[in-house]
Amino acid sequence: MKKKVGIVTTGQSPRHEYRSFHRNALAALGIDAEVFERACLDGHGREEIRAHQIEPKDGLGIGCYVHDDTPADRRMGRGWEEIFVDQAWYIERAQAAIAAHEADGMDIILMCCAEMYPPHSFKTGVPLLLPYQLMFDLVRRQAEAKGHFRLALLLPTPWHIEQDRATWTSQPWMAQVEASFGVGIAGGEAVDQLRHGAPYDLALIWGYGDGLAPHDPEDLLESISKALRCPVVTPNVLNVFQARVLLAPAWPERIHVEF
């Protein structure tokens, strides 16, 4: 029986690349899944959304893609615009999407956003994956083992830079992490800013789906890894791997054993 996987996207639908990525990646890991998208800003007109747009200096926000008749977006193409909306309003909309997924009988729900949320922002009786928690856990374990960890953080836009700096000093264990930031993933600016500090212990793409959009470079992650001389991890891949271990059937481990 197919598993029902709910994804929550930050802006408006449809995000074909997200649905196909999660479906095909899970299939490669042995899970036959049907992926259902809930977009936080669906059902809201452009004027209503505009009322909740903010500037970074005005408070915490979330970057998202919405439909608009603006010049073609560099990553998404014609009919899309990337905007920045108030985080509190977005969290309300995200919780509504989570609740709708739960009502529709999802086996697991994946948030398609890398940002950190305030504690207890979301509630559901269904397994829920928040990528920032998965990325925190990955870095924390390595930092504790190594004692000092050099981390490259690649951000899609400068909108988030101040809140992302705050995010990466928010936990006590982050005192062991030397975090360097680069802004501008798709166009290569972030790599240019970070290249002089290579090699790093790890590079994190601090933006969901970078590398998946229709006009992203096909070799984006490979080129970042080569330039920064370290592994590159994306939040979408961590989501998929964690979802795999939380979904049945279990991984058939024994087929990999040699006697």
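Hey, which aspartates and glutamates would be in cross-link range of Lys3, C-alpha to C-alpha under 15 Å, not counting anything within fewer than 8 residues on its own chain?
Asp32, Glu34, Glu37, Glu102, Asp104, Asp107
Once you have the Cα-Cα distance between Val245 and Ile161, take 0.36 nm times their residue separation minus that, and quote the gain in nm to one decimal. Each step should come with its number before you reach the end.
Values: separation 84, 0.36 × 84 = 30.24 nm, distance 3.25 nm.
Difference between extended and current length: 27.0 nm.
Distance in nm between label sites at Ala103 and Ser20, each 7 Å beyond Cα in the beta-carbon direction?
3.1 nm
If you take every DSSP beta bridge whose two residues both sit in the chain, what share of them, in percent to the nearest 5, is antiparallel? Present the calculation step by step, with values, prior to reporting the outcome.
Values: 9 of 36 bridges.
That works out to approximately 25 percent antiparallel.
Could you list which residues have their amide H under 5 Å from that of Asp73, counting only those 5 or more apart in sequence or on another chain, with H placed in the peptide plane?
Arg78, Gly79, Trp80
Once label points are set 7 Å from the Cα along Cα→Cβ at both Asp32 and Gln171, what is their separation, rounded to one decimal in nm?
3.7 nm
Pull up all non-local amide H partners of Glu37: gap of 5 or more, or a different chain, and H-to-H distance under 5 Å with H placed in the peptide plane.
Ile7
Which one, Gly11, Ile255, Gly147, is farthest towards the positive end of the dipole of the chain when Lys and Arg carry +1 and Asp and Glu -1 on their Cβ?
Checked the options; the winner is Ile255.
Could you tell me which of rounded, prolate or oblate describes the chain, using a ≥ b ≥ c as the square roots of the eigenvalues of the alpha-carbon gyration tensor, with rounded for a/c under 1.5 and, failing that, prolate when a/b is larger than b/c and oblate otherwise?
rounded
When the helices in the chain are scored as -39500 (n - 2.57) per DSSP H run of 4 or longer and the sum is shared across all residues, what 222 nm value do you end up with, to the nearest 500 deg cm²/dmol?
Helix-only estimate at 222 nm: -10000 deg cm²/dmol.
Compute the Cα gyration tensor for the range 112-162, then decide on rounded, prolate or oblate, letting a ≥ b ≥ c be the square roots of its eigenvalues: rounded whenever a/c is under 1.5, prolate when a/b is larger than b/c in the other cases, and oblate in all that remain.
In terms of gyration-tensor shape, oblate.
What list of ³J(HN,Hα) values in whole Hz, one per residue of the range 145-160 in order, does the Karplus curve 6.51 cos²θ - 1.76 cosθ + 1.60 (θ = phi - 60°) give from phi, with Gly and Pro shown as x?
6, 8, x, 8, 10, 9, 10, 9, 10, 9, 10, x, 9, x, 3, 8
Under 19 Å from a label point 7 Å along Cα→Cβ of Ser223: give me every residue in the range 156-199 with its amide N that close.
156-158, 182-198
Could you give the accessible area per residue of the range 133-234, probe 1.4 Å, as a whole number in Å²?
46 Å²
Considering only DSSP states other than H, G, I, E and B, which trypsin sites (Lys or Arg not before Pro) in the range 109-213 qualify as loop sites with at most 11 other Cβ atoms within 10 Å?
Here the sparse-neighbourhood loop sites are Lys123.
Taking GluC sites (Glu not before Pro) as exposed when DSSP calls them loop (any state but H, G, I, E, B) and at most 14 other Cβ atoms lie within 10 Å, what is the longest stretch of the chain free of them, the sites themselves excluded? Mind dumping the intermediate values first?
On the way: sites that count: Glu218, Glu258.
Result for the longest clean stretch: 1-217.
In debye, nearest 20: dipole of the chain around its Cα centre with unit charges on the Cβ of K, R (+) and D, E (-)?
640 debye
Roughly speaking, what is the stretch gain from Arg50 to His256, that is 0.36 nm per residue apart minus the C-alpha to C-alpha distance, in nm to one decimal?
Separation in residues times 0.36 nm, less the Cα-Cα distance, equals 68.9 nm.
Quick one: with all protein chains in place, what share of the accessible area of the range 186-259 is carbon or sulfur, to the nearest percent (1.4 Å probe)?
56 percent
For the range 80-86, what does the Karplus curve 6.51 cos²θ - 1.76 cosθ + 1.60, with θ = phi - 60°, yield as ³J(HN,Hα) per residue in whole Hz, taken in order and with x for Gly and Pro?
Whole-Hz 3J(HN,Hα) from phi for the range 80-86: 10, 9, 8, 10, 10, 10, 4.
Of His44, Pro56, Ser223, whose Cα points farthest to the positive end of the dipole of the chain (charges on the beta-carbon: +1 Lys, Arg; -1 Asp, Glu; origin at the Cα centre)?
Checked the options; the winner is Ser223.
Sorted by accessible area with a 1.4 angstrom probe, largest first, how do Val66, Val233 fall?
Solvent-accessible surface, decreasing: Val233, Val66.
Step through the residues of the range 26-38 one at a time and calculate ³J(HN,Hα) from phi using the Karplus curve (6.51 cos²θ - 1.76 cosθ + 1.60, θ = phi - 60°), rounding each to whole Hz and writing x for Gly and Pro.
Working through the residues one at a time gives 5, 4, 5, 9, x, 10, 8, 10, 9, 9, 10, 9, 10 Hz.
Under Stokes-Einstein, with the Kirkwood radius over Cα pairs standing in for Rh, what whole-number D in µm²/s applies to the range 85-230 at 20 °C and 1.002 mPa s? Present the calculation step by step, with values, prior to reporting the outcome.
Values: Rh = 16.6 Å.
Translational diffusion coefficient: 129 µm²/s.
Using a Gaussian network model of the chain whose springs link C-alpha atoms within less than 10 Å, name the residue from His215, His101, His120 with the highest mean-square fluctuation.
Checking each option, the largest mean-square fluctuation is seen for His120.
Given the protein chains as shown and a 1.4 Å probe, how many square angstrom of Trp173 are accessible, to the nearest 10?
Estimated to the nearest 10 Å², Trp173 gives 40 Å².
Just flag the trypsin sites (Lys or Arg not before Pro) in the range 59-101 sitting in loop per DSSP whose Cβ has no more than 13 other Cβ atoms within 10 Å.
Answer in residue order: Arg74, Arg78.
Given points 7 Å out from each Cα along the Cα-Cβ axis, report the Met1 to Ala72 separation in nanometres with one decimal.
Roughly 4.5 nm, to one decimal.
The values are calculated or read from the model by the stated rules, or taken from the named source; none is laboratory data. None of the values given here were measured: they were computed from a predicted structure. So basically every Cβ, Gly included, is an ideal-geometry build from the backbone, and we count neighbours across all protein chains shown. Areas reflect the complete protein model, heavy atoms only, side chains present, ligands, DNA and RNA absent. Shrake-Rupley method; radii C 1.70, N 1.55, O 1.52, S 1.80 Å.
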